[in-house]
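Beneath this line is the structure, given in C-alpha cells, with notes to follow.
The values are calculated or read from the model by the stated rules, or taken from the named source; none is laboratory data. All of these numbers come straight from a predicted model, not from anything done at the bench. Positions of Cβ are backbone-derived with ideal geometry, glycine not excepted, and every protein chain shown enters the neighbour counts.
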Amino acid sequence: MRCVQRRTIVLIVSALLGLLSSNLHAQSEKRVALVIGNGAYKNAPLLNPTNDARDISARLRQLGFEVVQRDNLTSRQIGSALREFRSHLQPGAVALVFYAGHGLQIKGDNYLPAVDAEIDTEEDVPNQSLSVKQVLDVLDDAKTRLNLVFLDACRNNPYARSFRSTGSGLTKVNSPSGTLISFATRPGSVASDGNGKNGLYTEQLLLAMENLDMPIELALKRVVAGVKARSAGKQEPWMEGSIEGDFCFGRCGQGSPPAAPASAPGFVAPAPSPALFEKKLVISAPSPVDAPTSASTPKGAIESERARCSMLLNKAALGENISVAEKKELIQSCR
C-alpha cells in the first residue's frame, strides 16, 4: 500500500514540476508591447480609444508583456514613444503594437495622426502623425522573432475635405517577414468606434485574448467572425502577413498564460491543469518509513524540508500564488 502511495506521489510531483518548469521557460520569452489610444482630437474626438488602450494594456500585462502605453499621443511625443519601445526590444523577442484612433492613407502609406495635429493639406500629415512604416522599421531593426500589429484605426478621416486623394480608411501594407497585421476593417473601409466602452474591433480582440492556448491565426478568425456578426456584416477585419512557428496569448497547448514579471500589479500565478489535479486535492509528504533518511542529515532538518515541500505542493495544486523563488525551490529541492 505504501509503495502504491509513494508511486502516486512521485507521479503527482513529476507532473507539477513539469508544469512549473514550463512556466519558468515561458518567463524567458521576452514580450514587449507598444499601446496607443488617441481620442482627444480637436476637430473629431473619439470616445473609446483611450478605454481601448487601457484595457488592452491591462490584459497584456497579465499575459507577461512589458507595456509602453501612451494615451492621446501628441506630435512631440511620437519620437520618445518609439525610442522607449525600441529600448525594450531585443533579438528573438515577441513584439506587439496596438493602436486605436483615427487613421488615414496618403499615396499608399498609412498614418496615425497625433491628437494635436493641425492638418490643412496632405503635406502636413507625415510631420504630425505616426506612420505605420516607422513602426515596422523599428520592429525590423530590432530583429524580433515575431511581430503582431493591431490597428483599430480605420475610423473616418476628419481631414478628408482638405485632401486631393479620396481613399478612406487604411491601405494594404507590405509587412516584413515574421509580422502579422490585423486591421479593424477591410482596406478602404471605415470601422465603428463602438456604442459601449470599447470599439467594436477592440471588444472582440479582448475576448479573443481569453483563448490562452489558441494559435493567433485562429484567434483572429474569431475576431473577424465576432465583428461581422455584431456589425451585421458592415465591418469585416482584415489580416495581412505571416509568421513562423506558433504564438498564443498564453502557452500554446497548455491553456495557461506565462507568468507575468514580478513587478506587474495584480498577477496571480496560473493554477495547474484541472485534468491533472482537482482543487480539493491535498498532497501529503512521504512517510519516514517510505523514504529512508541519510545518516549524515539530522532527522529534524529532513522533516522540516518535507513539510516545506508539502506546503508548496499544496499551494500549486490549489492554484494559489507561487513566487518565482518558490517555483525554483520546488524544482531543485522537492524531487
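For K234, state whether it is in a loop (DSSP other than H, G, I, E, B), farther than 23 Å from Q62 by Cα and modelled with pLDDT under 80.
Answer is no for this residue.
For region 1-59, how many residues meet the condition of being part of a helix (DSSP H, G or I) and modelled with pLDDT of 90 or more?
Qualifying residue count, region 1-59: 11.
Can you tell me which residue within region 91-115, out of those that are out of contact with any Lys or Arg (no Cβ under 6 Å at 6 or more places or on another chain) and surrounded by fewer than 16 Cβ atoms within 10 Å (Cβ to Cβ), is nearest to G245 (Cα to Cα)?
The qualifying residue nearest to G245 (Cα to Cα) is G108.
If I ask for residues that are modelled with pLDDT of 90 or more and touching a helix residue (DSSP H, G or I) at 6+ places or on another chain (Cβ under 8 Å), which ones from region 182-196 would you list?
Result: S182, A184.
Looking at L60 and the list (1) closer than 24 Å to D140 by Cβ; (2) surrounded by fewer than 23 Cβ atoms within 10 Å (Cβ to Cβ), which single condition is not satisfied?
(2)
Answer yes if at least one residue in region 213-223 is of a type in the set (D, E), closer than 26 Å to G39 by Cα and modelled with pLDDT of 90 or more, and no otherwise.
The answer is no; no qualifying residue exists.
Could you please tell me which pairs satisfy a Cβ distance under 9 Å, a separation of 6+ or placement on different chains, a first residue in region 215-229 that is within 16 Å of R186 (Cβ to Cβ), and a second residue that is in a helix (DSSP H, G or I) and of a type in the set (D, E, K, R)?
G226/E203; V227/E203
From the list E84, E118, pick out the single residue that is at pLDDT 95 or above, surrounded by fewer than 16 Cβ atoms within 10 Å (Cβ to Cβ) and either assigned by TED's automatic domain parsing to the domain that holds M209 or assigned to a loop (DSSP other than H, G, I, E, B) (or both).
Being at pLDDT 95 or above, surrounded by fewer than 16 Cβ atoms within 10 Å (Cβ to Cβ) and either assigned by TED's automatic domain parsing to the domain that holds M209 or assigned to a loop (DSSP other than H, G, I, E, B) (or both) holds for just one of E84, E118, which is E84.
Consider region 29-50. How many of its residues are buried (at least 18 other Cβ atoms within 10 Å of the Cβ) and within 27 Å of A93 (Cα to Cα)?
11
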